[in-house]
Amino acid sequence: MATDTQWPLWEVFLQPPKGEAHEHAGSVHATSAEQALQNARDVYARRGEAVSIWVVPSTSITASTPDDMGPFFDPGNDKPYRHPQFYKVPRGVRGV
Amino acid sequence: MSNSPDRDVVRDYALRLGDDRLVLGHRLSEWCGHGPILEEDIALANMALDLIGQANALLGVAAGPDATADSLAYMREAVDFKNALMVELPKGDFGFTIVRQFLFSAYSLLQMERLTSSSHAPLAGIAAKAVKEAKYHVRHAGEWVLTLAGGTDESHARTQQALDELWRYTGELFAADELDRAATAAGVGVDPSTLQSPWHAIVDPLLERAGLEIPAVKAMQTGGRVGRHTEHLGHMLAEMQIVARSYPGASW
């Protein structure tokens, strides 16, 4: 199928009922933001999976590419001093 | 179970409400696998399930010693159905389905909002749930009316044509009869004629925004409330009821 017969793609983010951060759920096709919101509701959120929905035009997302693998993600592992593992968490601090 | 007039009024009134939703729900379900795009296919099926769920609850209220919700849905003849004619018309093209859904959902929303204060507790409870669903149906269908009417020349023409065909069936929704008056007097139901002006307040501005013209209709079509239906209902019921009638009492 030729891609130009498809409606624009929107990425869908759902906030689960617990009040956590929005998480990527998938994508839908739609011709407008309102329609994208409704389609996201119908496809991903009609069984009580969410309390809030974001839809974002897929074209608005700037993503890293496989070429970025090295420079973006490699350095972390061989630079242990970047990880805060040498610090003791004081007693009484929670949620870390 | 007593045979008091009140019980008859509740039964007949719930049957009328249930039939509207059962028939429209089935018409919507005919889109399953045939929607214009996957997302809308799912949306139409969702709305069909909402309506059939409402019908199941309402026919449950109408059920009695000699009838269950299932037997009311699957064992009655067309003449015993009391739905308005609008909901039994064939699904037509997507524009027709959407325009009908918008016109009916706006009516249903107003009706269910009022029924939340029905003196009949089960009806009030069903209405409270249905209000949320109807609100979404109005929003979804309304958005589509705007999209289709504001789309290409062809989509605009088809949407206008759907409105031209459907408008003559809107009068029946608001025509109060003996049963409506009895149900209203008993505090059970809503006089549908009082829904007409709030309905116009929802429907007319959106149609205007969509650039659609409300057709001038001389005579409204009626008859569904007394069992005088179009030829289409019989065909629809034949398909809807065949499994239940071929295998009575089967469970799955």
Please go through (1) surrounded by 14 or more Cβ atoms within 10 Å (Cβ to Cβ); (2) in contact (Cβ under 8 Å) with a residue 40 or more places away in the chain; (3) under 30 Å from residue B:128 (Cβ atoms) for residue B:210 and return the number of the only condition it doesn't satisfy.
(3)
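Look through the range A:1-30, keep the residues that are outside any strand (DSSP E or B) and over 24 Å from residue A:48 (Cβ atoms), and return whichever of them is modelled with the highest pLDDT. Explain how you work it out, then say what you get.
First pass over the range A:1-30, keeping only residues outside any strand (DSSP E or B): A:1-8, A:16-22, A:30.
Keeping just the survivors that are over 24 Å from residue A:48 (Cβ atoms) gives A:1-8.
Values: A:1: 44, A:2: 48, A:3: 54, A:4: 63, A:5: 71, A:6: 82, A:7: 90, A:8: 94.
If we take residues in the range A:1-30 being outside any strand (DSSP E or B) and over 24 Å from residue A:48 (Cβ atoms), then A:8 is modelled with the highest pLDDT.
Scanning for something touching a Phe, Trp or Tyr at 6+ places or on another chain (Cβ under 9 Å) and within 20 Å of residue B:93 (Cβ to Cβ), does the range B:173-184 turn up at least one residue?
So in the range B:173-184, the residues touching a Phe, Trp or Tyr at 6+ places or on another chain (Cβ under 9 Å) come out as B:173-174, B:179-180, B:182-183.
Still in the list and also within 20 Å of residue B:93 (Cβ to Cβ): none.
No, there is no match, as no residue in the range B:173-184 is touching a Phe, Trp or Tyr at 6+ places or on another chain (Cβ under 9 Å) and within 20 Å of residue B:93 (Cβ to Cβ).
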Before we move on, is residue B:53 within 14 Å of another protein chain (Cβ to nearest Cβ) and either in contact with a Pro (Cβ under 6 Å, 6 or more places away or on another chain) or under 21 Å from residue B:237 (Cβ atoms) (or both)?
yes
Residue under evaluation residue B:166, criteria (1) farther than 18 Å from residue B:40 by Cβ; (2) free of Cβ contacts under 8 Å to residues at least 24 places away in the same chain, criterion not met:
(2)
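Return the total of residues in the range A:3-50 being among the small types (Gly, Ala, Ser), loosely packed, with under 13 Cβ neighbours inside 10 Å and closer than 20 Å to residue B:40 by Cβ.
Let us first name the residues in the range A:3-50 that are among the small types (Gly, Ala, Ser), namely A:19, A:21, A:25-27, A:30, A:32-33, A:36, A:40, A:45, A:48, A:50.
Filter once more, so that each one left must be loosely packed, with under 13 Cβ neighbours inside 10 Å: A:19, A:21, A:26, A:33, A:48.
From what is left, the residues that are closer than 20 Å to residue B:40 by Cβ are A:26, A:33.
Here the count works out to 2.
Does the range B:142-164 contain any residue that is touching a helix residue (DSSP H, G or I) at 6+ places or on another chain (Cβ under 6 Å), within 27 Å of residue B:119 (Cβ to Cβ) and surrounded by 20 or more Cβ atoms within 10 Å (Cβ to Cβ)? Steps first, answer last, please.
Going through the range B:142-164, the residues touching a helix residue (DSSP H, G or I) at 6+ places or on another chain (Cβ under 6 Å) turn out to be B:142-145, B:148-149, B:155-156, B:158-159, B:162-163.
Cutting the leftovers down to within 27 Å of residue B:119 (Cβ to Cβ) gives us none.
No, the conditions are met nowhere in the range B:142-164.
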Is there a residue in the range B:152-165 that is within 12 Å of chain A (Cβ to nearest Cβ), in a helix (DSSP H, G or I), modelled with pLDDT of 95 or more and in contact with a Gly (Cβ under 9 Å, 6 or more places away or on another chain)?
yes
Could you tell me whether the range B:30-50 includes any residue that is away from every other protein chain (no Cβ under 14 Å), in contact (Cβ under 8 Å) with a residue 60 or more places away in the chain and in a helix (DSSP H, G or I)?
no
Every pair of residues 6+ apart whose Cβ atoms lie under 6 Å, when the first sits in the range B:180-199 and is over 10 Å from residue B:9 (Cα atoms) while the second is small (Gly, Ala, Ser):
B:187/B:119; B:191/B:176; B:192/B:176; B:193/B:176; B:199/B:106
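Residues are listed down the side, and each one gets a yes or a no for (1) more than 15 Å from residue B:130 (Cα to Cα); (2) modelled with pLDDT under 95:
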position	(1), (2)
B:3	yes, yes
B:7	yes, yes
B:26	yes, no
B:38	yes, yes
B:42	yes, no
B:49	no, no
B:73	yes, no
B:80	yes, no
B:83	yes, no
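The values are calculated or read from the model by the stated rules, or taken from the named source; none is laboratory data. Because the structure is predicted, anything quoted here is derived from the model rather than measured. Methodologically, a virtual Cβ is constructed for each residue, glycine included, from the backbone with ideal geometry; neighbour enumeration extends over all protein chains shown.
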